[in-house]
1. May I ask you to verify whether Asn183 is open to solvent by 30 Å² or more (accessible area, probe 1.4 Å) and within 24 Å of the chain's Cα centre (by Cα)?
2. One residue is enough: does the stretch 144-162 have a residue meeting the conditions at pLDDT below 85, of a type in the set (A, V, I, L, M, F, W, C) and over 13 Å from Val130 (Cα atoms)?
3. If you scan the stretch 108-145, which residues turn out to be in contact with a helix residue (DSSP H, G or I) (Cβ under 8 Å, 6 or more places away or on another chain) and not hydrophobic (A, V, I, L, M, F, W, C)?
4. Only one of these is touching a Pro at 6+ places or on another chain (Cβ under 9 Å), aliphatic (A, V, I, L, M) and at pLDDT below 90: Leu41, Leu25, Leu99. Name it.
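The values are calculated or read from the model by the stated rules, or taken from the named source; none is laboratory data. Predicted model, so just to flag it, every value in this text is computed and none were measured. Positions of Cβ are backbone-derived with ideal geometry, glycine not excepted, and every protein chain shown enters the neighbour counts. Just the protein is used for accessible areas: all its heavy atoms, side chains included, with ligands, DNA and RNA removed. Shrake-Rupley method; radii C 1.70, N 1.55, O 1.52, S 1.80 Å.
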Amino acid sequence: MIVTKTHAGLAAAGFLAAALAAAPLAAAPPAPKTEGRAQALQHLIDCRKLTDNTARLACFDEAAAAMDQAEAKGDIVVVDREQARKVRRQAFGFTLPSLALFERGEKPEEIANMEGKITAARQNNAGKWVIRLEDGATWSQIDTNEVPNPPQAGDTVTIRKAAMGSYMMSLGHHVAFRAHRDN
């Protein structure tokens, strides 16, 4: 899978994003741009249409070099299916317009909850908990539920989707509270 900068919303969320700046190569026949397909990949695929073996090989060599260069510069990013699954899990708790880019060829895994370990926990000025997890995600309490046992580093939390786009965080087997993902 190749990700391009046309999915800029993902870049803002800290995920994979890139743009394709490679100019079309002279050896390949012009082809209509396939929506959702990076220009460098389309150029590589178009090389198969050439019937002359020498021209086809030259086209493939040129297209492969352009893709390699674009990938090295960060203009395109190649993502395998497992990396795409990881991105979807890392995005848990964010409201994003779409992760359809990572769903080509398979039904997306529905993530209803996740578990994590606390690396830091503190109360903010309003007395609500701010919790950082091992994966770097920070969640903040947004309701007024009292937390009888203060969360500590090393504690396990479960975060699950709740009604109307909200999330509930449970600390071990203790009380749950409504939370919002900050980063």
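1. On the way: open to solvent by 30 Å² or more (accessible area, probe 1.4 Å): yes; within 24 Å of the chain's Cα centre (by Cα): yes.
In short, yes.
2. Yes.
3. Pro108, Glu109, Asp135
4. On the way: Leu41 fails: touching a Pro at 6+ places or on another chain (Cβ under 9 Å); Leu25 fails: touching a Pro at 6+ places or on another chain (Cβ under 9 Å).
Just a single option satisfies the conditions, and that option is Leu99.
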